1. Rg and Dmax in Å for region 175-282, alpha carbons only: what are they?
2. For region 65-123, state the average projected area of the convex hull of the C-alpha atoms over all orientations, rounded to one decimal in nm².
3. Which residue fluctuates most in the GNM of the chain (Cα springs below 10 Å): ILE264, ILE197, ILE249?
4. Find the centroid of the Cα atoms in region 226-252 and in region 124-195, then give the distance between the two in whole Å.
5. Checking the a/c ratio against 1.5 first, then a/b against b/c, what shape does the Cα gyration tensor give for region 126-183?
6. Give a residue-ordered list of calculated ³J(HN,Hα) values for region 235-248 (Karplus: 6.51 cos²θ - 1.76 cosθ + 1.60, θ = phi - 60°; whole Hz; x for Gly, Pro).
7. Given bins 10 angstrom wide, list per bin the percent of all Cα-Cα distances in the chain, short to long.
8. Using alpha carbons only, what's the Rg to Rh ratio of region 95-134 with Rh from Kirkwood?
Amino acid sequence: MIYRRTDIAAEAHRLWAESAESLTELPGVVARTQKLGAFSIEQVEIRSPEGSEALHKPQGLYYTLETFSLPTRGHPDFVTAAAALAELIRRCLPHSPSSALVVLLGNGDITPDALGSLTAPWLLVTRHLRDQAAFADACAVAVCRPGVLGTSGVESAQQVSAMTALLQPDCVVCVDALAGADPSRVCSTVQVCSSGISPGSGVGNNREALDQDTLGVPVVAVGVPTVLDAAALSADAQLSDCFLTPRSIDLSVRSAARLIGYGIDLALQPQLTVSDIDMLVA
């Protein structure tokens, strides 16, 4: 199999299946499609080292929420999409957390990589409010925006590890832009996984992983493919280090960020509705 770079487990599994010829199933990998409300969900569970090696992904659960385009707040599908995303995040957690650290990865100065930074305004930060009666039963949420090595001089993993050790949250939720191989999925799908994330891996800039082994707590990663590996569209060797992004990426990444922010809020604060979040973050 010629490896085509993608962060999306459902894509990696499809590419493997297309190249497998005589094989119909990959040992240690279970893939299926299910419905969640009005949305189609692709689930890939990697259970073995063999499956991990074949798909170039760590072992864990991967869910892909498929939409034609990520809905804006005024779109009729926004509420149901946010609820579906919240459900997938909860499925990747072993229990309902009483505290969480949300890590917003990427470079806010580069639009396709700004998903994490743009999610910040839509997150309910509650760790400092637990002594107030209205938030006494809320999940204590803190946010970390480590930036990138080139602007901070410190690896994201080192910053997140220090924050996790200091705050001792029940879980970490990471948000980052992803790279894909299928043009139809760019800015139109959200992946949620239980295996954590290696910042920059989608564009070949692998950094230390953020996962349960490195942080000591469950790590859920949420991301949207905002760039496409140009090599997926052409055999031209000169394109091997090139990535493509949609013309409307500025609008798309903002829509994705708001949807992800609301999805995380609903997952960590299940007592709230989208309308409640509107009042608290707007």
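1. 16.2, 52
2. Details: hull surface 21.0 nm².
Quarter of the Cα hull surface area: 5.3 nm².
3. ILE249
4. Centre-to-centre distance over Cα atoms comes out at 26 Å.
5. On the way: a/c = 2.92, a/b = 1.65, b/c = 1.77.
Here region 126-183 falls in the oblate category.
6. Values per residue, Gly and Pro as x: 8, 5, 4, 5, 8, 4, 10, 10, 10, 10, 9, x, 4, 8 Hz.
7. It works out to 7, 30, 38, 20, 5, 1, 0, in whole percents.
8. On the way: Rg = 13.5 Å, Rh = 12.1 Å.
My calculation puts Rg/Rh at 1.11.
The values are calculated or read from the model by the stated rules, or taken from the named source; none is laboratory data. The model shown is predicted, which means the values in this text are computed figures rather than measured ones. Here Cβ is always computed from backbone atoms with ideal geometry, including for glycine, and neighbour counts include all displayed protein chains. Only protein heavy atoms, including side chains, enter the accessible area calculation; ligands, DNA and RNA are left aside. Shrake-Rupley method; radii C 1.70, N 1.55, O 1.52, S 1.80 Å.
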